[in-house]
Amino acid sequence: MISTKNISLFKKCLETIAPIIPETNVRFKDDGIYIKAIDKTQILLVDLFLSKKAFDSGYVVDPALVGINILELKNMISRSFEGDKLSLNLKDQGIDVLLSGRLERNFHLQFMDLSEQDINLPELKYEVDFTLNAGLLKEILKDVNLVATTLIFKIQDNKLIIEANGEKGNIKTTLSEIKVKSKKNFSVKFSLAFLSNITKAMDNDKDLLIKLGEDIPIYLEYNLSKECNIKFYLSSMLI
């Protein structure tokens, strides 16, 4: 049985990954909950860890790997009222989702039979890393959406520039407050749709750790709290 009164954190974790990984295997371990999955297009990897410290002292679970519809679980938990307590109980064929407070509601979600993915990332050597406010990145993506469907992160003379070119026009955004140190200038291109999905549910006041390198996936690390860490690896595109 797993229980918590901090439903908002658990729900926020699910909201962040559900648009990308609507269903996946979830590993329950003694120290917390792990999700490592690649989306259906095979270009985005999500690596989530939710510590047992995010739950009440009632975190008692037998180690297990189960297939869960993340979107449906999120929808069930979204039915909670303020002040409710969430309890999760893993059973043989599914998971009981108990919301208790003004009402007591017990949802049951069947497990899914999903093949286990063997995910091993090669060692990636990034040229630069920096922090960027999530809300600011969302605004930049909205600007890009006016003219294009892809965008380019450019490191030029230790400056970070985000450019986009499309049939409607182009845009160039220089992030002068962000300092980067790189031994070389380079450009790397990504899908706007994927970056928008990644950041959609992120809190605007949170900062992201971003790493860039030439011809390798962009790395975005989002810490919802000390207890919840989510990493994204999005493959680059040909320029």
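The values are calculated or read from the model by the stated rules, or taken from the named source; none is laboratory data. The shown structure was predicted, so the numbers you read here are calculated from the model rather than taken from an experiment. Please note: Cβ atoms are built from the backbone with ideal geometry, for glycine as well, and neighbour counts cover all protein chains shown.
Does Ile171 satisfy being part of a loop (DSSP other than H, G, I, E, B), farther than 17 Å from Met237 by Cα and hydrophobic (A, V, I, L, M, F, W, C)? So that I can check it myself, show each step before the final result.
Values: part of a loop (DSSP other than H, G, I, E, B): no; farther than 17 Å from Met237 by Cα: yes; hydrophobic (A, V, I, L, M, F, W, C): yes.
So Ile171 fails the test.
Looking at (1) more than 19 Å from Glu116 (Cβ to Cβ); (2) modelled with pLDDT of 95 or more, which is the one condition that is false for Tyr34?
Only one criterion is unmet by Tyr34, namely (1).
How many residues are out of contact with any helix residue (DSSP H, G or I) (no Cβ under 7 Å at 6 or more places or on another chain), within 17 Å of Ile161 (Cα to Cα) and not in a strand (DSSP E or B) when one looks only at the range 186-214?
2
For the range 178-219, which positions are of a type in the set (Gly, Ala, Ser) and closer than 23 Å to Phe10 by Cα? Quick ask: steps written out before the conclusion?
Of the residues in the range 178-219, the ones of a type in the set (Gly, Ala, Ser) are 182, 187, 191, 193, 196, 201, 213.
The answer is Ser196, Ala201.
Please work out if Ser8 is of a type outside the set (Asp, Glu) and more than 21 Å from Gln110 (Cα to Cα).
Values: of a type outside the set (Asp, Glu): yes; more than 21 Å from Gln110 (Cα to Cα): yes.
Yes; evaluated as a whole, the condition is true for this residue.
For the structure I just gave you, tell me whether Ala193 is more than 30 Å from Asn6 (Cβ to Cβ), of a type in the set (A, V, I, L, M, F, W, C) and touching a residue at least 24 places away in the same chain (Cβ under 8 Å). Please lay out each step first, then the result.
On the way: more than 30 Å from Asn6 (Cβ to Cβ): yes; of a type in the set (A, V, I, L, M, F, W, C): yes; touching a residue at least 24 places away in the same chain (Cβ under 8 Å): yes.
For Ala193, the condition - more than 30 Å from Asn6 (Cβ to Cβ), of a type in the set (A, V, I, L, M, F, W, C) and touching a residue at least 24 places away in the same chain (Cβ under 8 Å) - is met.
For residues that are among the charged types (D, E, K, R) and within 15 Å of Ile152 (Cβ to Cβ), scanning just the range 180-216, find the one that is modelled with the highest pLDDT. Working first, answer last.
Restricting attention to the range 180-216, the residues satisfying the condition of being among the charged types (D, E, K, R) are 181, 183-184, 189, 200, 203, 205-207, 211, 214-215.
Filter once more, so that each one left must be within 15 Å of Ile152 (Cβ to Cβ): 189, 214-215.
Details: Lys189: 98, Glu214: 95, Asp215: 93.
Among residues in the range 180-216 that are among the charged types (D, E, K, R) and within 15 Å of Ile152 (Cβ to Cβ), the one modelled with the highest pLDDT is Lys189.
Among the residues of the range 1-50, what is the count of those that are in a helix (DSSP H, G or I) and among the hydroxyl-bearing types (Ser, Thr, Tyr)?
Of the residues in that region, 2 qualify.
Might you let me know whether the range 57-65 holds any residue that is out of contact with any Lys or Arg (no Cβ under 6 Å at 6 or more places or on another chain), farther than 28 Å from Asn120 by Cβ and assigned to a strand (DSSP E or B)? Walk me through it before giving the result.
We begin by selecting, within the range 57-65, every residue out of contact with any Lys or Arg (no Cβ under 6 Å at 6 or more places or on another chain); these are 57-58, 60-62, 64.
So of that shortlist, the ones also farther than 28 Å from Asn120 by Cβ come out as 57-58, 60.
Narrowing the set further to residues that are assigned to a strand (DSSP E or B) leaves none.
The answer is no, given that none of the residues of the range 57-65 is out of contact with any Lys or Arg (no Cβ under 6 Å at 6 or more places or on another chain), farther than 28 Å from Asn120 by Cβ and assigned to a strand (DSSP E or B).
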